[in-house]
Amino acid sequence: MNLQLYPTAFDLRARARKVMPNFSFEYMDGGAGQDIGIKRNWDALDAVELMPRYGRVVSPPPVDAFLFGRPYSAPLGIAPIGGPGTAYPGAELHLAAAAQAARVPYTLGVLSGIDVEQAAKIAPDVLWYQLYRFAKNDHKIGLDLARRAQAVGVHALVLTIDTPVRTIRPREVKSGIVNPFKLTMRLRLDAMTSPRWLYALAKHGIPRFVALRRYMPPNLTSLEESAAFIRQEQGGAFTWEEIAKYRDVWKGPLVLKGVLHPADAERAVALGVEGLFVTNHGGRQIDALPASIDALPAIRAAVGKKATLILDSGVRSGVDVARAIACGADAAFAGKSFLWSLGALGPKGPAHLIDIYANDLRATLGQLGCMTVGELSTIGKRHPGAWTPEQLAG
Ligand SMILES: Cc1cc2nc3c(=O)[nH]c(=O)nc-3n(C[C@H](O)[C@H](O)[C@H](O)COP(=O)(O)O)c2cc1C
């Protein structure tokens, strides 16, 4: 496999579109509404300009970073992905292994095909864990998952707050994916067009929600039944009171994912939350949300140094990582592009994509005249889309 043919994330996307079943590509790539939120994320990042300074020796600048006191090789990571096996069976295993080898954070999503104990064996130094809201019986399932994550040394617990309701992703619907998920005849026929996907399926089996299996009645065995169980148990967005409950139980860094308004950021910090994902869920929830890069500066201004800020949504290159850090983030994570990498290159994809991001970030730092990642926050920048306090006031 000639990796040089895929020097950017978009090259991986083009290849994935060609070689994956249609439903799998549409699941990983499609957004809410007309994909306007996805495009807004890309356009808003593209609009950020960074001013270089020349006249000193900078090469090769290091890109390593500390997040919540732990060293990582770069200020970038893999965002949580639910049902990643739909995009590529066995995705979690490859993502976890690549993250561990490269020493960048891997956020395992709760709706995954491996459980947190297995992930911790593959990625012991870099594992973060994301939870959705399982509120029944006083959060019995959710709090137990948090305790299990603690027991296996997960570094940070991420509570996703930006999915208060289910919304529709039209490309996913049109591709034949139904909710709860069902391996219909149409999907089976679609899968037949992709030897790569079928090979991964043969190796790893039909994707299942393994982390939740122990909470399901034993008679629920099929994929459809377990998806229906999850639909009953999971839903809504964490309230501030519920977040406080998780703060009590979880002893490590607690991170909220989905913050766009600085007032929410301040409230989270007041509750003892240490990290925030500034994100619009990659444009997958609704089309009208601000680009996360445009929401970022006001959040940094509101929380100062009291929280670690992670930007995701639309990150496709090391230049984007640099833009995010210049505009106030401590790190940038990516979701879709890691699925593109798997779709395009199989198990070798995620490691190649991490290299693309890290090498591009290194080159960007050098080009801008920065000796360290931290210096990015001190350089000149123009950010035309950033939300102002007046706009935020409504
Ligand atoms: C297929 C897919 C599934 C996702 N599932 C989850 C999830 O289960 N939990 C979550 O917090 N975010 C989920 N996300 C959102 C990502 O964590 C992340 O916020 C988003 O992908 C970032 O934008 P990007 O795709 O442009 O990089 C998902 C994203 C994708 C593409």
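The values are calculated or read from the model by the stated rules, or taken from the named source; none is laboratory data. Predicted model only: the values in this text are computed from it and were never measured. Note: ideal-geometry Cβ built from the backbone for every residue, glycine included; neighbour counts use all protein chains shown. To get the accessible areas, we keep the full protein, side chains included, count just its heavy atoms, and leave off ligands, DNA and RNA. Shrake-Rupley method; radii C 1.70, N 1.55, O 1.52, S 1.80 Å.
Some values worked out for this structure:
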read-out: Condition check for A386: open to solvent by 20 Å² or more (accessible area, probe 1.4 Å), modelled with pLDDT of 95 or more and away from the ligand (no atom under 16 Å from the Cβ); value: yes
read-out: Residue match in region 319-341 (condition: touching a residue at least 24 places away in the same chain (Cβ under 8 Å), within 16 Å of the ligand (Cβ to nearest atom) and surrounded by fewer than 21 Cβ atoms within 10 Å (Cβ to Cβ)); value: yes
read-out: Any hit, region 117-133, residues being on the phi < 0 side of the Ramachandran plot, within 14 Å of the ligand (Cβ to nearest atom) and either among the basic types (K, R) or modelled with pLDDT under 95 (or both); value: yes
read-out: Some residue of region 361-381 being closer than 20 Å to A91 by Cβ and modelled with pLDDT of 95 or more; value: no
read-out: Check on V273, crowded, with 19+ Cβ neighbours inside 10 Å, of a type outside the set (F, W, Y), more than 14 Å from the ligand (Cβ to nearest atom) and closer than 18 Å to G69 by Cα; value: yes
read-out: Members of region 239-270 found to be within 14 Å of the ligand (Cβ to nearest atom) and touching a helix residue (DSSP H, G or I) at 6+ places or on another chain (Cβ under 7 Å), listed by number; value: L256, G258, V259, L260
read-out: Residue satisfying condition, being under 12 Å from the mean Cα position of the chain (by Cα) and over 15 Å from Y357 (Cβ atoms), within set V278, V315, V273, V269; value: V278
read-out: Single residue of region 139-159 satisfying the filter (more than 16 Å from the ligand (Cβ to nearest atom) and not in a loop (DSSP other than H, G, I, E, B)) that is farthest from T308 (Cα to Cα); value: K140
read-out: Residue match in region 143-157 (condition: farther than 23 Å from D312 by Cα, surrounded by fewer than 20 Cβ atoms within 10 Å (Cβ to Cβ) and of a type in the set (G, A, S)); value: yes
read-out: Single condition K257 does not satisfy, out of (1) open to solvent by less than 30 Å² (accessible area, probe 1.4 Å); (2) closer than 26 Å to P170 by Cα; (3) part of a loop (DSSP other than H, G, I, E, B); value: (3)
read-out: L296 vs. criteria outside any helix (DSSP H, G or I), modelled with pLDDT of 95 or more and within 17 Å of the chain's Cα centre (by Cα); value: no
read-out: Index of the failed condition, K136 passing every other in (1) within 23 Å of D248 (Cα to Cα); (2) within 16 Å of the ligand (Cβ to nearest atom); (3) open to solvent by 30 Å² or more (accessible area, probe 1.4 Å); value: (2)
read-out: Single residue of A74, A99 found to be buried (at least 22 other Cβ atoms within 10 Å of the Cβ), under 13 Å from D330 (Cα atoms) and touching a residue at least 60 places away in the same chain (Cβ under 8 Å); value: A74
read-out: Candidates A87, A32, A91, filtered to the one that is aliphatic (A, V, I, L, M), within 14 Å of the ligand (Cβ to nearest atom) and at pLDDT below 95; value: A87
read-out: Some residue of region 190-203 being among the basic types (K, R), open to solvent by less than 80 Å² (accessible area, probe 1.4 Å) and within 14 Å of the ligand (Cβ to nearest atom); value: no
read-out: Subset of region 158-169 [modelled with pLDDT of 95 or more and open to solvent by 40 Å² or more (accessible area, probe 1.4 Å)]; value: R169
read-out: Among residues of region 48-66, those that are away from the ligand (no atom under 16 Å from the Cβ), at pLDDT 95 or above and not charged (D, E, K, R), counted; value: 6
read-out: Selection count where residues are open to solvent by 10 Å² or more (accessible area, probe 1.4 Å) and either within 16 Å of the ligand (Cβ to nearest atom) or in a helix (DSSP H, G or I) (or both), scope region 283-293; value: 6
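Quick grid of which residues meet (1) open to solvent by less than 80 Å² (accessible area, probe 1.4 Å); (2) over 25 Å from L189 (Cβ atoms); (3) in contact with a Leu (Cβ under 7 Å, 6 or more places away or on another chain):
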residue	(1), (2), (3)
R13	yes, no, no
V19	yes, no, no
E26	yes, no, no
G30	yes, no, no
D35	yes, yes, no
A44	yes, yes, no
V48	yes, yes, no
G82	yes, no, yes
